[in-house]
Amino acid sequence: MDVTHILDSLNNEQRQAVTTDNNRVLVLAGAGSGKTRVLVHRVAWAIQMFGISPYSILAVTFTNKAAAEMRGRIENLLTIPSAGLWVGTFHGIAHRILRAHSELANLPKGFQILDSDDQLRIIKRILKDHQIDDGKWPAKQAQWFINNKKDEGLRPQNLDSQDDPNEAQWINIYDLYEKVCLQSGLVDFAELLLRAHEVLLNNSEILDHYRRRFRHVLVDEFQDTNSVQYAWLRLLTTDRNSLFIVGDDDQSIYGWRGAKVENIQSLQKDYTGIEILRLEQNYRSSGNILHAANKLIEKNPDRLGKKLWTESHDGDPVKLYTAYNERDEARFVVDSIQQWIEEGNCRKECAILYRSNAQSRVIEEALLMENIPYRIYGGMRFFDRAEIKDALAYLRLVSNQLDDAAFDRIVNTPPRGIGEKTLQSIRAMALKEGISFWDAMNIIIEFESIPARAVKALAGFKSVMDELIVFSESATIDELLISAMSQSGLLAHYQKEKGEKGRSRVENLQELVSAAKQFQQEDEADLAEDEEFADLDPLSVFLAYTALESGESQSDPGDDNVQLMTLHSAKGLEFPLVFIVGLEEGLFPSERSVAEPSRLAEERRLCYVGMTRAEKQLVLTTAEHRRLYGRETYPIPSRFLRDIPENVLVEVRPRAMVSRPVISSTSYQEDDESADYQVGQLVTHATFGDGILVSYEGSGNHARVQVNFDQVGMKWLVLAYANLQPA
DNA sequence: CGCGTCGTGGTTTTT
DNA sequence: CCACGACGCG
């Protein structure tokens, strides 16, 4: 078979990784070195060259987006069908395993997935039910505690409070939470992984089955794996399985949510003879940008060591702009983008990256002012919207009447006269008898143990649900959804809601119906292709899909928008022009990380990730004043700026205007003609009156100043004509 | 039950 | 500063 097309486009390092005979491989791949490419080609190589069945391959990533991309690229390379190939996220695969072996996992057949929102609600309810003081044990923190322990593979019974009553209470909450989930047939995200691991661990036939099936396991973004995920991989791969791992310790930015970079070291210990290959040639950034990023990351201790190089030219130096304040910073970024566009480039080639979401606001305002369209990444997921979750909760309760979380959500949504009092009776009975809310409701209706009006309201709800349950036997998912939305009055409820908000909610509900329809046609068929999953209940599978998939697949890449996102969400992306804003101590690195070396190192990696997103131009900004939480702050420039060598960094703000030099510098010197004016200075204009000079651009006769006038607000003036007088 | 007021807290995010 | 959640009133 001709396999040259698989190798043709690869460099030597990449080719070596793709074709190595070793069945344990760790590829340390720097940013922009083609790491996913290597993984994809390795799969194609194995299939086409050695005739390995796609059936025996498991490729794992972290996000649905990455998994979809990987699958697409593999299919493009292959000349044969990829049937049976498992490409997915850790969570998706764990979920499939649990569905296939729900009895062994001790889960009801129609178990459902709990998203973090539902999880928090359940915890809040537990705290209420058991009169635990929310002030001393906040629900958010309990959630964090539980998820952390699960990520570490720890159950309540594995935990020891060491006689610390505080700790004992956390463990107690965790324990109560587990019982509620189990009783309701609910599984949270961390539980998916942990329970799948336990199923494999405790059932040797199942474990053997998957070990034999997945002879070839490949993992992308390995530096993001947590303890359970690693244990899971360990369990699945014996010395008869091949393991191909791609990762970059310098891009580990998720330590705060349980990711363990140390897993890369463990790998070398646990898999003897593992071959380590490095991909160091970068195909993304021009020389100066890469050099700056290399120098920055060099400052981190305990790196596995990698030095990226490129064949491309030096390109532009990295630019640094010291803004007067956050609005000046935003204005500078927007001006630069306008200039970029005037030079004939696209808006979508520009990305503005920030450390925290709150920073986007000022930038948005500046973009709006200039009518530049933009898109913010990482907002709310489609399936997380309240109206969508309401509609889905009806389906969840239809599918599984034990689901107390779903019951709780919709019993009075839309409002139907079931108040707090009635709910209290239901909860109290459920808690006392150890039964579900649904069953408790039925008993209360039967014995009419509450006021007649409340009984009537409950009975109304029950009859809607009963009808839906009957209808679900014969209906498709989209039919059931339409029926649920109209019978319950949910659609009418949102249709009544006035304004833009109500309109978009109704639209979203309609969108949900089409998503269900589409799912029924496509995804379900995909799953049935695998005989192990052919007999799954379609409704449960659809509901799981809505929990695991963000629903953002239909983004419109065609639109030419400036891209705004956090540094975290920029990972894996690339843009010709990148701005990283807010490079100030306390903001980036964030205040909460500076005291701890390991967290500081992670911040530095985050900065490295941001910088290596840039292809042609990288612009960094820092502000001398920043309004933060309503207070004016005077931050000092980020330490990361000092790590960038001067010979690749250019300050684009005239020196005369910098009230405090950021970087001692041989960089770029404007003539000092206009040094009469300082930012912050009071000035007077013949028609506008008094104001404060807040910002400055250019030099000499072309210089423009921005003045905030007491009477007329912010104005841009050309210094040469403005005839300003110091006030 | 819906709306208004007061109070508080406020990295990063995927599944 | 501003967004969101907890309370209380009509």
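FYI, it's all coordinate maths here, none of it is from the lab. Keep in mind it's a predicted model, so treat the numbers as computed, not measured. Here Cβ is always computed from backbone atoms with ideal geometry, including for glycine, and neighbour counts include all displayed protein chains.
Remark: relative contact order (chain A) = 16 percent; criterion is Cα-Cα distance under 8 angstrom and separation of 6 or more residues. Segment A:Asp129..A:Asp384, full-extension length gain: 89.2 nm, with 0.36 nm per residue of separation and the alpha-carbon distance subtracted. Checking the a/c ratio against 1.5 first, then a/b against b/c, what shape does the Cα gyration tensor give for region A:116-195? Taking the square roots of the gyration eigenvalues as a ≥ b ≥ c, region A:116-195 is oblate. The stretch between A:Ile636 and A:Gln487 holds 47.7 nm of extra length on full extension. This uses 0.36 nm per residue minus the Cα-Cα distance. Report the calculated FRET efficiency for A:Arg361 and A:Arg599 (r = Cβ-Cβ distance, R0 = 25 Å), to the nearest 0.05. Computed FRET efficiency for A:Arg361 and A:Arg599: 0.45.
Take the Cα of A:Asp559, step 7 Å toward its Cβ, do the same at A:Gln339, and the gap between the two points is 2.8 nm. Pairs of Cα atoms nearer than 8 Å and 6+ residues apart set the relative contact order; for region A:83-212 it is 39 percent.
When only the Cβ of Lys, Arg, Asp and Glu is charged (+1, +1, -1, -1), the dipole of chain A relative to its Cα centre reaches about 740 debye. Shape verdict for region A:28-91, please, from the Cα gyration tensor: rounded (a/c under 1.5), prolate (a/b greater than b/c) or oblate. Since a/c reaches 1.5 but b/c is at least a/b, the shape of region A:28-91 is classed as oblate.
Which log10 I(q)/I(0) values does chain A give at q = 0.05, 0.09, 0.10 Å⁻¹ under the Debye formula, counting every alpha carbon as one identical point scatterer? Evaluating at q = 0.05, 0.09, 0.10 Å⁻¹ gives log10 I(q)/I(0) of -0.31, -0.96, -1.13. Fully extending the segment from A:Gln141 to A:Arg155, taken as 0.36 nm per residue of separation minus the present Cα-Cα distance, adds 3.3 nm. Indicate the gyration tensor shape class of region A:430-529 (rounded, prolate or oblate), computed on the Cα atoms with a ≥ b ≥ c the square roots of the eigenvalues: a/c under 1.5 is rounded; otherwise a/b larger than b/c is prolate and the rest oblate. Oblate shape, in that a/c is at least 1.5 and b/c is the bigger or equal ratio. Just so you know, the Cα atoms of region A:304-367 work out to an Rg and Dmax of 15.1, 43 Å. By the compact-protein rule of thumb, 2.2 N^0.38 Å, the alpha-carbon radius of gyration of region A:546-642 corresponds to a ratio of 1.26. Applying 1/(1 + (r/R0)^6) with r as the Cβ-Cβ distance of A:Asn22 and A:Ser312 and R0 = 30 angstrom yields a FRET efficiency of 0.45.
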